[in-house]
Amino acid sequence: MRSRAGRARLSAVTFPAVTPITARLVVTGAHGQLGRALLALAPGSRGYGRAELDITDADAVRAVVNPGDVLVNCAAYTAVDRAESEEAAAFAVNATGPAVLARVCAEAGARLVTVSTDYVFPGTAAQPYEPTDPTGPSTVYGRSKLAGEQAVLELDPNARIVRTAWVYTGQGTDFVATMRRLEGERETVNVVADQLGSPTYAVDLAAGLLELAGRPGAPGSPAMPRILHATNAGQASWFELARAVFAGIGADPNRVLPCGTADFPRPAPRPAYSVLSGKSWAAAGLTPLRDWRAALNDALSAISD
Ligand SMILES: NC(=O)c1ccc[n+]([C@@H]2O[C@H](COP(=O)([O-])OP(=O)(O)OC[C@H]3O[C@@H](n4cnc5c(N)ncnc54)[C@H](OP(=O)(O)O)[C@@H]3O)[C@@H](O)[C@H]2O)c1
């Protein structure tokens, strides 16, 4: 086993096409993994963590939103398992929060881009989900995020919703970070092989959101669909992702062993199939996010020992 006690950073990768935004950028949920990635790419923007701006507080949101701003909402209740027993808390942040943002942005003449999730789908498909496919969440988290989407669609015709999936930075407690840690602690690691998705580097997603935010006329342009999907390209199981992490840090990927969803019972059922199609993103003229393996390699090389 390798030992690592490295400090990690987000800044040493080559970013895909980041377009400078002309309007002013406001980022909510700024201390989360996506919020931090966005602020790292757009240092002049205004970022607010939960302590500085609670997105469910309309007066507080009004105080920071100005005409011409583009507000990218990265705030969310993301504890998928805990949400099963904290439904009210999940709905407050994931449904009421985006509704507040949509109402305030519409009133103020600001543009809203809010981030949503693959969990709005049932996760039973056999081909990548398009934004227009029927939803059908099977978790409280998914239902709360879908309620947020519906409120945004209803309250702000100029708002755009960007669904993503399997987001990581490789730091903290996300899946990639956990695999890096377990590689140093265990000889073998069992990882679920029967759930498929598109691993998405937060930095690539942040670059995509900036491109959307900076498009002339977007996200309010009529040509821009109201719901878009943005993930790194390609698909993998958690098992394949774990193997790629091991390989990427110079460890033997055969130390990752496959297991099934049934081996890891969780309070919230996990979707078997969570791949989101990038066709609508590309059709809107936005730069497709690169293949997940290339993104993972960049993420791992941005983490210094
Ligand atoms: N991570 C994934 O794999 C994934 C997959 C699909 C979609 N998404 C979506 O991507 C977006 C970003 O997720 P993420 O991974 O960056 O999540 P994250 O790391 O959990 O960050 C979410 C941030 O929102 C903050 N927050 C919670 N309640 C708030 C409130 N009422 N007002 C303001 N801020 C609040 C949280 O602060 P506290 O920590 O203090 O509560 C946290 O810093 C979310 O919309 C999420 O649903 C994520």
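Take Thr200, Thr56 and sort them by solvent-accessible surface of the protein heavy atoms, 1.4 Å probe, largest at the top.
Values: Thr200 0, Thr56 50 Å².
Reading off the accessible areas and sorting them downward yields Thr56, Thr200.
Return the single residue from Ala151, Ala75, Ala283 with maximal mean-square fluctuation; model: Gaussian network over the chain, springs between Cα atoms under 10 Å.
Top of the fluctuation ranking is Ala283.
DSSP beta bridges in the chain, what fraction antiparallel, as a percent rounded to 5?
Given both bridge residues lie in the chain, the antiparallel proportion sits at roughly 10 percent.
Rank Lys279, Lys145 by accessible area, highest first, at a 1.4 Å probe radius?
Sorted descending by solvent-accessible area, the residues read Lys279, Lys145.
Name the residue, out of Arg50, Arg160, Arg266, whose mean-square fluctuation peaks in a Gaussian network model built on the chain with Cα pairs under 10 Å.
Greatest mean-square fluctuation among the candidates belongs to Arg266.
Taking only Cα atoms, what is the 0 to 90° angle, nearest 10, from helix 175-185's long axis to the longest principal axis of the chain?
Orientation of helix 175-185: about 30 degrees from the principal axis.
Taking H as built 1.01 Å from N, whose amide H comes closer than 5 Å to the amide H of Leu257, not counting residues under 5 places away?
Hits under the 5 Å cutoff: Val189, Asn190, Val191.
Classify the range 91-150 as rounded, prolate or oblate, taking a ≥ b ≥ c as the square roots of the eigenvalues of its Cα gyration tensor: rounded when a/c is under 1.5, otherwise prolate if a/b is larger than b/c and oblate if not. Display every interim value, and only then the final one.
Details: a/c = 3.73, a/b = 1.85, b/c = 2.01.
Taking the square roots of the gyration eigenvalues as a ≥ b ≥ c, the range 91-150 is oblate.
If I fit a long axis through the Cα atoms of helix 140-155 and take the longest principal axis of the Cα atoms of the chain, what angle between them do I get, 0 to 90°, rounded to 10?
The two axes meet at around 30 degrees.
Whole number please: convex hull volume per residue, Cα atoms of the chain, in Å³. If you can, show how the numbers build up before the last one.
Working: hull volume 36.7 nm³, N = 305.
So the per-residue hull volume is 120 Å³.
If I take the Cα coordinates of the range 116-259 and project them onto the principal axes, what are the three extents in Å, biggest first?
Each principal axis gives a Cα extent; for the range 116-259 these are 53, 32, 25 Å.
Near the amide H of Ser116, under 5 Å away, which other amide H atoms are found, from residues 5 or more places off or on another chain, if H is placed in the peptide plane?
Amide H neighbours of Ser116: Val162, Arg163, Thr164.
Between Asp291 and Glu87, what is the FRET efficiency for a Förster distance of 45 Å, r being their Cβ-Cβ separation, to the nearest 0.05? Mind dumping the intermediate values first?
Details: r = 37 Å, r/R0 = 0.82.
For R0 = 45 Å, the calculated efficiency reads 0.75.
Read phi for every residue in the range 58-72 and hand back ³J(HN,Hα) as whole Hz from Karplus 6.51 cos²θ - 1.76 cosθ + 1.60, θ = phi - 60°, with x for Gly and Pro.
Going residue by residue, I get 4, 5, 5, 5, 4, 5, 10, 9, 10, x, x, 5, 10, 9, 9 Hz, with x marking Gly and Pro.
For the range 224-305, report the convex hull volume of the alpha-carbon atoms normalised per residue, in Å³, without decimals. Don't jump to the answer; show the numbers that get you there.
Values: hull volume 11.2 nm³, N = 82.
Dividing the Cα hull volume of the range 224-305 by its residues yields 136 Å³.
Compute the Kirkwood hydrodynamic radius of the range 31-73, taking the inverse of the mean of 1/r over all pairs of distinct Cα atoms, and give it in Å to one decimal.
Numbers: mean 1/r = 0.0895 Å⁻¹.
Every distinct Cα pair counted, the radius reaches 11.2 Å.
If amide hydrogens are placed 1.01 Å from N in the peptide plane, which non-local residues have theirs closer than 5 Å to the one on Asp291?
The answer is Ala233.
Going by accessible area, probe 1.4 Å, with all protein chains left in place, what is the ranking of Cys74, Cys105, largest first? Don't skip to the answer; put the middle values down first.
Numbers: Cys74 25, Cys105 0 Å².
Correct descending sequence by accessible area is Cys74, Cys105.
Using a 1.4 Å probe, how large is the accessible area of Ser274, given in Å² and rounded to the nearest 10?
In the full protein context, Ser274 sits at about 0 Å².
Karplus couplings for the range 266-279 from phi (6.51 cos²θ - 1.76 cosθ + 1.60, θ = phi - 60°), rounded to Hz, Gly and Pro as x?
Taking θ as phi minus 60°, the curve returns 10, x, 9, x, 9, x, 6, 9, 10, 6, 9, 6, x, 4 Hz for the range 266-279.
Mind listing the phi-derived Karplus ³J(HN,Hα) values for the range 108-125, rounded to whole Hz, using 6.51, -1.76 and 1.60 with θ = phi - 60°, and x for any glycine or proline?
8, x, 9, 10, 10, 10, 10, 9, 10, 9, 4, 5, 6, 9, x, x, 10, 6
Using unit Cβ charges (K, R positive; D, E negative) and no other charged atoms, how large, in debye to the nearest 20, is the dipole of the range 168-305 about its Cα centre?
Working: 12 positive and 13 negative charges, 89 e Å.
Using only the charged Cβ atoms, the result is roughly 420 debye.
The values are calculated or read from the model by the stated rules, or taken from the named source; none is laboratory data. Predicted model only: the values in this text are computed from it and were never measured. As a convention, Cβ positions derive from the backbone with ideal geometry for all residues, glycine included, and neighbour counts pool all protein chains shown. These accessible areas exclude ligands, DNA and RNA; they are computed on the full protein's heavy atoms, side chains included. Shrake-Rupley method; radii C 1.70, N 1.55, O 1.52, S 1.80 Å.
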